[in-house]
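To start, the structure itself, in structure tokens.
We did not get these values from a lab; they are worked out from the coordinates using the rules stated. Being a predicted model, the structure only gives us computed values, none of them experimental. Positions of Cβ are generated from backbone atoms using ideal geometry, with glycine treated the same way; all protein chains shown enter the neighbour counts.
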Amino acid sequence: MADKAVRYEAKDGIALITLDRPDVLNAMNNAMRTELLEIFTRLRTDDAVKAVVVTGAGERAFCAGADIREFLEPPTPTNFREARRRVDFRAEMERCPQAIIAAIRGFALGGGLEFALACDIRIAAEDAQLGLTEINLAIIPGGGGTQRLPRVVGRGKALEMILTGMRVPAAEALRIGLVERVVPVAELMSAAQALARQIADKAPIALRYAKESVVSGLGLPLADGIRLEGDLSTLLRTTEDRVEGAKAFVEKRKPKWIGR
Ligand code: COA
């Protein structure tokens with residue numbers, strides 16, 4: 001397994017994905033994109049995995065963005081576009097039914113923050129610094145950053161970040177809603193795992209429909225989103241787990257989900 005750019009492990013319904021190039025602050029090269037694409041494509045149909053945690057190896061970074069050394073050779077525009085299309089792992093993340101939690105310590109810059117923004121929930125360690133720093137290299141975010149960041153923090157804050165390339169510290173990231181929680185560095189992984197556990201213990205189909213309703217609904221006009229929610233919540237009334245949930249409540253015991 002030499003020279004893998006990403007480590008993957010799964011246990012008890014929770015997958016852990018670790019960006020593993022700590023010598024270059026987990027900078028994202030093409031090998032890493034290819035491995036992430038394979039992992040998320042597989043996860044999409046892996047019903048045994050209920051929640052996913054992604055993080056960076058080492059103590060200094062979640063991911064310091066695209067590997068800048070790959071920028072030295074100017075590609076032709078079509079080659080660049082086609083190469084990126086072939087490794088579009090973020091599109092696979094959008095299709096993953098599982099909740100994806102980013103556990104961020106240290107730097108999450110450029111494509112690193114874009115990766116975190118493609119996750120569903122972000123937990124930061126107190127030492128985290130987040131930014132879309134592409135402007136410093138005379139480029140703009142190309143992994144969804146100009147679209148996802150304003151949807152998370154609003155137009156003004158997103159433009160402030162994107163046009164200046166500023167780095168936002170963890171406390172400020174929490175204040176502006178860029179991350180959902182900030183925890184001490186030593187507690188980052190246990191907090192992410194505990195959240196993943198809390199989610200993974202819920203009824204499987206309800207989990208998938210809840211994510212689908214929120215994520216797909218955000219791309220729809222409100223009336224269509226409400227219609228989608230209505231259809232998915234009606235479908236859930238037909239599952240055996242729905243009956244089990246009500247029975248367990250009445251019988252004052254923990255429910256046993258069967259996933260149908
Ligand atoms: N691509 C390639 N290598 C990177 C990298 C990147 N995006 N980010 C960091 N590295 C490498 C450095 O070149 C260095 O390697 P070296 O030891 O072989 O010289 C190593 O990671 C450590 O980084 P270094 O810059 O020495 O650490 P620092 O603490 O002085 O600075 C950062 C940390 C994150 C502020 C700085 O590395 C940086 O600005 N990185 C680029 C971030 C960026 O612009 N990303 C967006 C790309 S579109």
Inset, instruction - Tell me what the chain gives for mean residue ellipticity at 222 nm when only DSSP H runs of n ≥ 4 count, each as -39,500 (n - 2.57), the sum divided by the residue total, rounded to 500 deg cm²/dmol. - result: -13500 deg cm²/dmol
Inset, instruction - Quick one: grab the alpha carbon gyration tensor of the chain, order the square roots of its eigenvalues as a ≥ b ≥ c, and give me rounded if a/c is under 1.5, else prolate or oblate depending on whether a/b is larger than b/c. - result: prolate
Inset, instruction - Hey, can you grab everything whose amide H is under 5 Å from the amide H of Val53? Only 5+ residues off in sequence or another chain; H modelled, so Pro and N-termini drop out. - result: Ala15, Leu16, Ile17, Ile101
Inset, instruction - List nothing, just return the count: lysine pairs in the stretch 139-260, 8 or more apart or interchain, with Cα separation under 27 Å. - result: 10
Inset, instruction - With a ≥ b ≥ c taken as the square roots of the eigenvalues of the C-alpha gyration tensor of the stretch 47-92, please select rounded if a/c is under 1.5 and otherwise prolate if a/b is larger than b/c or oblate if it is not? - result: oblate
Inset, instruction - Between Arg181 and Glu73, take the C-beta separation as r, use R0 = 30 Å, and let me know the FRET efficiency to the nearest 0.05. - result: 0.15
Inset, instruction - Using only Cα positions of the stretch 135-179, each an equal point scatterer, no hydration layer, compute I(q)/I(0) via Debye at q = 0.18 Å⁻¹ and quote the log10 values to two decimals. - result: -0.50
Inset, instruction - Evaluate the distance, in nm, between pseudo-label points positioned 7 Å from the Cα of Asp46 and of Thr34 along their respective Cα→Cβ axes. - result: 2.0 nm
Legend entry - Separation in nanometres of the label points that stand 7 Å from Cα toward Cβ, at Asp3 and Arg155: 4.8 nm
Inset, instruction - Please work out whether the stretch 19-131 counts as rounded, prolate or oblate from its C-alpha gyration tensor, where a ≥ b ≥ c are the square roots of the eigenvalues and a/c under 1.5 means rounded, while otherwise a/b larger than b/c means prolate and anything else oblate? - result: oblate
